[in-house]
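Nothing in this text is a laboratory measurement; each read-out follows from the coordinates by a stated rule. All values reported here derive from a predicted model rather than from experimental measurement. Glycine also receives a Cβ, built like all others from the backbone with ideal geometry; neighbour counts cover every protein chain displayed.
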Amino acid sequence: MILRLAAASLVARGLTVGMTVLAIGLSVALFLGVEKVRTGAKASFADTISGTDLIVGARSGSVQLLLYSVFRIGNATNNVTWESYQDLASRPEIDWIVPISLGDSHRQFRVMGTTSAFFEHYMYRQGRSLGFGEGVVMDDLFDTVIGHDVAQSLGYGVGDPIVVAHGLASFTEHKDQPFQVSGILEKTGTPVDRTVIVSMEAIEAIHVDWQRGARIPGQTTPVDQIRQMDLTPKAITAALIGVESPLQTFSLQRAINEYPEEPLLAILPGVALQELWGIVGIAETALLAVSVMVVVTALIGMMATIFSSLNERRREMAIFRAMGASPMAILGLLILEAILTAAAGAVLGLGLLYLGLFIAQPIIDSAFGLFLPIDPPAIREALVLLAVVAAGAIVSMIPALRAYRLSLADGMVVRS
Amino acid sequence: MGDSGIIELKDVRFRWPGRTSFSIAVPEFSVASGETVLLLGESGSGKSTLLSLICGTVLADSGVVVVGGTDLKTLSGWSRDRFRAEQIGVVFQQFNLLPFGSVADNILLPLRFAPDRKGRCTDARREAEGLCRALGLPEGVVESKAATLSVGQQQRVAVARALIGQPPILIADEPTSSLDETAQANFLDLMFDQVKVQASTLLMVSHDPRLGERFDRVVRMSEIVTIEREVA
């Protein structure tokens, strides 16, 4: 009955209470949304590469190597010579090794030269392999496999011709050697979606008439002639390595880092991802802090509302007192109301979160490659909601204590 | 002052905390069980303070307040609240009801705090309906929201609430001052009927001496209460 009366009292003050509930709801939705994006981003970040034990590149920073080899962000400062690569590949600890050659682009997408082993060994999201949505692995020298986003945004299908540009954001195109799409990969949510994949030899082939980044004037080697040439790469950008036994990872890493012929760097993808997330994570923490502050603000708003309602409700409290309610019961009543308000806000926030997710999920997925799963609320979310309700109860103690004192002093008489 | 007094005050002094300029002294006042007493006094005569003392919402600084044979000073704050709920039904001047609750909610509210009164009702809801009927309220009124009732109806609901579960004492603080004359008479008739039925003790406060003829006894505030005001 008291619960019903408290609820009725809240409903009677519908507008102010509604606004408070709305404020709490929005803040909770914001907080949960930030949490969702944060965990989603972290997960999809960590899911970018798996199953690879080491990444090798020219000596630079580990984050930089990770960024260009996996995320296709930034550029390699140096290449790894083909000799060093072969030297590495012949080491007994190595189970598999996949070379990567970067530096060209197609429209806004990066072109990556590699071998067919890439499709076998590159894994994402805890050991998932790349799958073909359409077509097959490149077979011919001028075949290419494109990522899902590439096909989507450029409207390519299997069999379409594409022209690769030299360098990045460059308009000098390798016009002489048009490629043909042989396969389109399924969506992965990783940078592979935005990559045009060709063979290592193809990378060599399109640079036949080029030297030091510029076209050799007047020289155009016909395609037929290129096909006859030795297209063994002279250098690679990076290589992905899987070792025979996990125990050998560290000794191999050490050996590569101390490779005498050339300055190389081997990194553990997991460690480098952690390191990178540590940098990105500051923004994430700041975002989280801001959304916590928003929740706190909403709760303080509720406290202010309770405070301002106290005066007009002294009559109501006097009635309760006259009926035999102790000042403690009045304290409890106000806290109960605050709990109901905060709980309504929390539930509203949850509703808004799912509504927002429902609307924004496809947009975020296509715009940022970030997939936010719509799961039923987990324990973590339940805890957040519970914390909001508890915080609401605690915050309401301050005006409730004032009501307690007022009702002690007023007794049944309301003096105003 | 006889031992049979259901309300007895002796040598009571009280000063509102934080208001040094106002204090009251009640040398002696008592109401016998089953008696109906009208307290006459203008506003500022200490009526509200006296009622608060009897109800135990405030404690006397000195002297004794005995209600139903219990010295209120011997009770803790919590048991005084419980004691009030059990012993006393209260009707205010106006705004008696929680406007957002139904009439039934309002009438049944004191039972929530008074288990003994609740125990006396075999079917509290039926009892509430019966009281409403006896007080001349329209049939089915218990379902209505309190705020939708007229002032006169609200006052009657307040009487029903004060009487449910038959507490021995009914205290009414200017219950008729917000009603017009015919409504006043009507209201008092109905209230007195119920007080007689339940054999309750009635202590009513008013500034209107014309009401006095219905009561067993009329007491002027100035006869029992001394008020001290310090000029600040």
Estimated dipole of the stretch A:272-416 in Debye, rounded to 20 [Cβ of Lys and Arg +1, of Asp and Glu -1, Cα centre]: 900
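Quick check for me: using +1 on Lys/Arg Cβ and -1 on Asp/Glu Cβ, what's the dipole size of chain A about its Cα centre, in debye to the nearest 20? Present the calculation step by step, with values, prior to reporting the outcome.
Working: 28 positive and 37 negative charges, 643 e Å.
My answer is approximately 3080 debye.
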For the stretch A:75-102 and the stretch B:98-153, distance of Cα centres in Å: 88
Residue among A:Asp149, A:Asp375, A:Asp140 with the largest mean-square fluctuation in a Gaussian network model of chain A, springs linking Cα atoms under 10 Å: A:Asp375
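When the convex hull of the C-alpha atoms of the stretch A:71-168 is computed, what volume per residue in Å³ does it have?
On the way: hull volume 13.8 nm³, N = 98.
Measuring per residue, one finds 140 Å³ for the Cα hull of the stretch A:71-168.
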Anchor B:Lys73: lysines whose Cα lies under 28 Å away (excluding residues fewer than 8 positions away in-chain): B:Lys10, B:Lys47, B:Lys118
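Only counting other Cβ atoms within 10 Å, I'd like B:Lys118, A:Lys36 sorted with the fewest neighbours first. Please list the in-between numbers first.
Details: B:Lys118 17, A:Lys36 20.
Listed from fewest to most nearby Cβ atoms, that is B:Lys118, A:Lys36.
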Estimated translational D of the stretch B:63-174 in µm²/s (Stokes, Kirkwood radius over Cα pairs; 20 °C; 1.002 mPa s): 148
Over the stretch B:107-232: Rg over Rh, Cα atoms, Kirkwood Rh: 1.02
Fewest-first sequence of B:Cys121, B:Cys55 by Cβ atoms within 10 Å of each Cβ: B:Cys121, B:Cys55
Spread of Cα-to-Cα distances over 5 Å intervals beginning at zero, given as percent, for the stretch A:236-305: 4, 12, 13, 14, 11, 8, 7, 7, 6, 5, 5, 5, 3, 1, 0
Net +/- balance of residues flanking A:Ser9 in space, Cβ distance below 14 Å, scoring K and R +1, D and E -1: +2
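Take every Cα pair under 8 Å in chain B that's 6+ residues apart, average their separations, divide by the length, and report that relative contact order as a whole percent. Present the calculation step by step, with values, prior to reporting the outcome.
On the way: 426 pairs, mean separation 71.7, N = 232.
Relative contact order for chain B comes out at 31 percent.
Helix-only mean residue ellipticity at 222 nm, the protein assembly as shown, DSSP H runs n ≥ 4 weighted -39,500 (n - 2.57), per residue, nearest 500. What is it?
Details: 21 runs with 304 residues, N = 648.
The helix-only estimate for the protein assembly as shown comes to -15000 deg cm²/dmol at 222 nm.
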Calculated FRET value between A:Ala89 and A:Ile300, using beta carbons and R₀ = 56 Å, to 0.05: 0.35
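What FRET efficiency, computed as 1/(1 + (r/R0)^6) with R0 = 45 Å and r the Cβ-Cβ distance, is obtained for A:Gln228 and A:Arg380, rounded to the nearest 0.05? Present the calculation step by step, with values, prior to reporting the outcome.
Working: r = 61 Å, r/R0 = 1.36.
Using R0 = 45 Å, I get an efficiency of 0.15.
Projected area of the stretch A:1-86, taken from the Cα convex hull and averaged over every viewing direction, in nm²?
Details: hull surface 41.8 nm².
Average of the hull's projected areas for the stretch A:1-86 equals 10.5 nm².
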Extreme residue, positive dipole direction of the protein assembly as shown, given options A:Ala8, A:Val290, A:Val388 (C-beta unit charges): A:Ala8
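Can you give the % of DSSP beta bridges in chain B that are antiparallel, to the nearest 5? Don't skip to the answer; put the middle values down first.
Details: 21 of 39 bridges.
If we restrict to bridges inside chain B, about 55 percent are antiparallel.
Remind me, relative contact order of chain A in percent, using alpha carbon pairs under 8 angstrom and six or more residues apart?
Numbers: 664 pairs, mean separation 108.2, N = 416.
Worked out over chain A, it gives 26 percent.
Output the Kirkwood hydrodynamic radius of the stretch A:264-371, Cα pairs only, in Å rounded to one decimal. Intermediate results must be reported in sequence, preceding the final value.
On the way: mean 1/r = 0.0535 Å⁻¹.
It is 18.7 Å.
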Radius of gyration and Dmax over the Cα atoms of chain B, both given in Å: 17.5, 55
Average other protein chain Cβ within 10 Å of Cβ, residues B:81-87: 4
Values of log10 I(q)/I(0), in the order q = 0.13, 0.20 Å⁻¹, for the stretch A:1-158 under a Debye, Cα-only, solvent-free model: -0.78, -1.47
Of A:Gly270, A:Gly281, A:Met317, farthest towards positive along the dipole that unit charges on Lys, Arg, Asp, Glu beta carbons give the stretch A:269-348: A:Met317
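In whole Å, what three semi-axes, largest first, describe the equivalent ellipsoid of chain A built from its Cα gyration tensor (square root of 5 times each eigenvalue)? Spell out each step's value before the answer.
Details: eigenvalues 830, 98, 52 Å².
Equivalent ellipsoid semi-axes, largest first: 64, 22, 16 Å.
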DSSP-defined antiparallel bridges as percent of all bridges, the protein assembly as shown, nearest 5: 65
Along each principal axis, Cα extent of the stretch B:1-126, largest first, Å: 44, 33, 29
Farthest toward positive dipole pole in chain B [+1 Lys/Arg, -1 Asp/Glu at C-beta], among B:Thr74, B:Val31, B:Thr49: B:Thr74
Over the stretch B:157-207, relative contact order from alpha-carbon pairs under 8 Å, at least 6 apart, %: 53
log10 of Debye I(q)/I(0), alpha-carbon scatterers only, for the stretch A:54-267 at 0.10, 0.11 Å⁻¹: -0.43, -0.52
